[in-house]
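One structure is given below, encoded as structure tokens.
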Amino acid sequence: MNPIHTRTSLKLTRRMRRLRQSETIRAMVRETRLAPDMFVLPLFVCEGEGVRRDVPSMPGVCQLSVDEAVKETAAASGDGVRSVLLFGLPDQKEKDDIGSAAYDPEAPVQSAIRAIKRELPDVLVISDVCLCEYTDHGHCGIVIDDEIVNDPTVEQLVRAALSHAAAGADIVAPSDMMDGRVGAIREALDERGFERIAIMSYAAKYCSAFYGPFRDAVASAPTFGDRRSHQMDPANAREALREVEQDLEEGADIVMVKPALPYLDIITRVKDTFGYPTAAYHVSGEYAMLKAAARNGWIDEPRAMLETLTAIRRAGADIIITYYAREAARAITKSS
């Protein structure tokens, strides 16, 4: 007789598998939940009309003219994603060494803000504030003697943030990692009657290898050097807490950790330490890796997508910026 069939049942009071027996009970006791309204969809806005240009390294992501950005925002809203993050792609001839196109009121971001708020007033519009897309050298600030200088760069960032606020942005998001830019932007906004505009600071932004596809999308790769002088060393965690603390003291309303997956521990520490609304950016390289693996048949993409976003949420993120926003929102709605 098979001894397995005659063995006496174990004397277990606690059987963890009891609460895994069906999808209904698993859903009932689920600790971490995703919802479409916690996602932010990044959009790359370019010049022109009727433009929807594929980004080769980011399948499913396009560079969009303002009219197409409005359509994409409306479609995302229909999926339940009610927030977008705008990045600008000026024509190459408009770039200069100080990034002056960043505060042109007719630039793609400013034009897109006005168009989206006109057509979809309930959508939350967040604008990225940085110079890298607008400088002819691709760096995030003004360069003097091969050095990215801090304070003159902050002055340019303030001009850009004010132009976004004047166009109707709900939140401005400085991503440059210059010292003091949050305080300078907050002061300038308040002085000009934009007290209601929130700041979402890229507070702990690491110098990461996972930004490559993004730089492809916005043509912002540096023409020389790198960004180690201002973006954080991936080896540092306590420094991230100091960065976040400083930005909160300067007036940040939301703090961000970027990238997300390699820095889940940082997300948790930031949320546990400060308790402020915390965003995480599931960046281009993280997205592109999942897409590439799925296209090769190596992973189940829908499952991997939701597992990834659940991990970011479980780590403590209240807000997830992701190129998967629409796909994830549809998947969540379908399963509910």
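The values are calculated or read from the model by the stated rules, or taken from the named source; none is laboratory data. Quick caveat, the model's predicted, so the values are computed rather than measured. Positions of Cβ are generated from backbone atoms using ideal geometry, with glycine treated the same way; all protein chains shown enter the neighbour counts. Calculation scope for accessible area: heavy atoms of the full protein, side chains included, ligands and nucleic acids excluded. Shrake-Rupley method; radii C 1.70, N 1.55, O 1.52, S 1.80 Å.
Suppose we keep only residues that are touching a residue at least 40 places away in the same chain (Cβ under 8 Å) and of a type outside the set (K, R) within the stretch 267-276. Which one would you say is nearest to A217 (Cα to Cα)?
Taking the candidates together, the pick is I267.
Can E147 be described as in contact (Cβ under 8 Å) with a residue 60 or more places away in the chain and either open to solvent by 10 Å² or more (accessible area, probe 1.4 Å) or over 20 Å from the mean Cα position of the chain (by Cα) (or both)?
The answer is yes for E147.
Per-residue answers, yes or no, for (1) open to solvent by 90 Å² or more (accessible area, probe 1.4 Å); (2) part of a helix (DSSP H, G or I):
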{"position": "L10", "(1), (2)": "yes, no"}
{"position": "R17", "(1), (2)": "yes, yes"}
{"position": "I25", "(1), (2)": "no, yes"}
{"position": "T32", "(1), (2)": "no, no"}
{"position": "V45", "(1), (2)": "no, no"}
{"position": "E49", "(1), (2)": "yes, no"}
{"position": "M58", "(1), (2)": "no, no"}
{"position": "A75", "(1), (2)": "no, yes"}
{"position": "V84", "(1), (2)": "no, no"}
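Keeping to the stretch 158-180, report how many residues are within 19 Å of the chain's Cα centre (by Cα) and either touching a residue at least 40 places away in the same chain (Cβ under 8 Å) or open to solvent by 20 Å² or more (accessible area, probe 1.4 Å) (or both).
Qualifying residue count for the region: 12.
So, in the stretch 181-223, exactly how many residues are open to solvent by 30 Å² or more (accessible area, probe 1.4 Å), part of a loop (DSSP other than H, G, I, E, B) and in contact (Cβ under 8 Å) with a residue 60 or more places away in the chain?
Number of matching residues: 4.
Among the residues of the stretch 252-267, write down those that are open to solvent by less than 20 Å² (accessible area, probe 1.4 Å) and in a loop (DSSP other than H, G, I, E, B).
Hits for the stretch 252-267 are A252, P259, A260.
Counting only residues that are touching a residue at least 60 places away in the same chain (Cβ under 8 Å) and acidic (D, E), which one in the stretch 277-321 is surrounded by the most Cβ atoms within 10 Å (Cβ to Cβ)?
Within the stretch 277-321, the match that is surrounded by the most Cβ atoms within 10 Å (Cβ to Cβ) is E286.
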